[in-house]
Amino acid sequence: MRRLDRETVDRIAAGEVVTRPARVVVELLENALDAGAERIEIEVSAGGTERVRVVDDGRGMSADEAARAVERHTTSKLPDGDLRAVETLGFRGEALASIADVATLTLTTNDGGSRATRVQVADGDVTVEATGRGRGTTVEVTDLFHNRPARRASMAAPATEFERISDRVAAYALLRPEVAVSLEHDGRRTFATPGSGSFADAALAVYDREVARESTTLAATASVPVGDEEASVGVRGLLAYPSITRASADHVRIAVNGRPVAMPDLRRAITRGYGSLLPGDRYPVAALSVSVPARAVDPNVHPTKAQVAIRGADAVADAVEEGVSDALSTADLRRSADVAMDLEAALDPVESAPSALDEAAVIGQFRDCYVLCAAGDDLLVVDQHAAHERINYERLRAAVGSEGIPSTPLDPPATLSLAPEAAAAVERYADELAALGFDVDPFGGGTVRVRAVPAPVGRVADPESLRDTLAALRAGENPDDRDALLADLACHPSLKAGDALTDAEAAGLVDRLGACEQPFACPHGRPTVLAIEKTHLARGFERHPRRG
């Protein structure tokens with residue numbers, strides 16, 4: 001047995017921080033933020049394996065600092081070595097050295113002096129020279145993992161790697177709206193935030209005008225117990241209205257003391273704050289920044305700093321939930337546009353197929369949400385959204401089972417603004433989208449042009465349904481087993497609570513539901529029909545069942 005020398009230990013550990021291109025981007029982005037940058041430009045080529053370039057206008061470094069910055073465990077971010085008082089995003093002093101060990105790294109920086117410093121690290125050789133550049137720092141990383149062939153071979157396709165980069169950069173851009181952040185891939189601008197400090201402006205750049213318009217901002221403080229002390233917790237950010245939802249929780253973004261983190265407890269607290277405003281299978285779009293005293297946070301609990309530990313975490317989560325609930329309770333949640341429906345197409349007359357609801361006669365509606373029917377001695381309550389969802393799902397499934405899903409052209413084509421990671425997924429899943437009936441192509445930045453939508457849903461299928469389909473594909477569902485995808489696709493154009501129906505439309509909905517193979521559950525497993533027996537009503541009103 002022998003003890004390894006320090007150089008060997010460092011080489012074994014090198015690259016642990018850098019697991020894929022997205023980690024390179026995150027480390028460099030955090031360095032720029034810690035340097036007080038007000039503008040950060042990120043350029044990526046070939047998903048980041050060929051080139052990553054990050055330019056900032058932060059404080060920069062002197063020549064001595066720049067030469068030292070590429071050494072292992074050198075940092076300016078840890079005052080007196082006290083991990084309990086970390087107020088910066090970085091603190092371990094590993095990033096630049098680890099990146100340089102698996103790529104060629106060029107660092108050009110100036111702290112405001114007459115000359116800048118250029119440091120290049122290539123295959124262990126370090127060169128330092130004077131050069132020209134204004135105040136700030138530029139870091140260029142090329143040929144990532146050139147000396148780690150197994151790791152380079154394990155990289156996903158460039159579109160997939162860029163999708164991960166887009167997701168991480170979008171989180172920082174949304175949660176740090178005071179900083180102007182731009183992202184470019186293969187020479188094409190994906191998005192750029194203005195750095196105005198407005199969460200709505202950041203959402204407009206990352207998402208679209210609808211999300212920015214249909215949202216409210218939150219700024220709240222609460223005093224919560226943290227250990228043996230009372231601490232002030234601040235919650236600020238953006239909450240999209242319940243009319244703007246997504247099929248996954250990926251768009252619920254959280255930062256703790258400025259650090260975007262994956263905190264399931266806080267994410268659930270945000271969703272709970274929406275309460276019954278959200279459908280059971282939908283998630284909000286939200287970007288919230290939570291501030292707590294630095295000594296109540298341990299950022300050193302995850303190898304990539306993706307999570308932090310918070311003292312008094314339950315109390316902090318309660319404060320987040322209460323802040324979200326209060327903000328939404330005072331917001332005007334009315335929709336700004338009508339819901340698009342084509343009931344004539346969706347509820348075409350049933351031919352001669354026997355119906356499981358033949359005896360059901362529509363007698364009214366309740367709150368534009370439930371259709372009330374009399375069926376013998378029972379009162380049937382039909383959830384119009386679940387029923388319509390089942391109808392659309394079976395129509396889609398029938399089309400897939402026969403000749404595939406045909407497309408309905410959109411004239412003129414629709415343009416749709418997607419989050420950066422979703423826009424990147426359009427290219428990645430081009431074949432799957434075409435098989436599902438979509439005709440989509442990039443239109444610049446995060447915008448795509450939707451030329452056609454699945455025909456079985458007809459005009460009812462708003463191009464917005466593309467978002468849910470992309471979310472399902474990104475979640476790893478098998479495209480060859482399309483039931484889950486079809487269920488998500490059927491949900492979007494279906495009737496919602498508050499969509500009023502005429503008596504004829506309500507009757508047509510019930511008839512179509514009765515003709516379905518599985519009329520009594522939506523494709524997600526929720527009931528479509530509840531039956532209330534006459535005897536149950538009689539007992540409730542203390543009436544004798546036989547006397548009436």
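Coordinate-derived values only; no laboratory data. A quick note: this is a predicted structure, and the numbers were derived from the prediction, not measured. Here the Cβ positions follow ideal geometry from the backbone for every residue, glycine too, while neighbour counts run over all protein chains shown.
Worth a mention:
- Across the alpha-carbon atoms of the stretch 210-288, the computed radius of gyration and Dmax are 13.4, 44 angstrom.
- Distances between placed amide hydrogens fall under 5 Å for Val440 paired with Arg451, all partners being 5 or more residues away or on another chain.
- In this structure, the amide hydrogen of Arg39, modeled 1.01 Å from its nitrogen in the peptide plane, lies closer than 5 angstrom to those of Asp57, Ala180, counting only residues at least 5 positions away or on a different chain.
- Prolate is the label for the stretch 219-262, because the ratio a/c of its alpha-carbon gyration tensor axes (a ≥ b ≥ c) is 1.5 or higher and a/b is greater than b/c.
- Evaluating 6.51 cos²θ - 1.76 cosθ + 1.60 at θ = phi - 60° for every residue in the stretch 408-422, the Karplus couplings come out as 10, x, 9, 10, x, x, 8, 9, 9, 8, 10, 4, x, 5, 6 Hz, glycine and proline recorded as x.
- Fewest-first sequence of Asp411, Asp358 by Cβ atoms within 10 Å of each Cβ: Asp411, Asp358
- Counted by neighbouring Cβ atoms within 10 Å, the residues Cys369, Cys522 run from fewest to most as Cys369, Cys522.
- J(HN,Hα) series, the stretch 256-261, from Karplus relation 6.51 cos²θ - 1.76 cosθ + 1.60, nearest Hz, glycine and proline x: 10, 6, x, 9, x, 9
- Applying 1/(1 + (r/R0)^6) with r as the Cβ-Cβ distance of Arg152 and Arg526 and R0 = 60 angstrom yields a FRET efficiency of 0.85.
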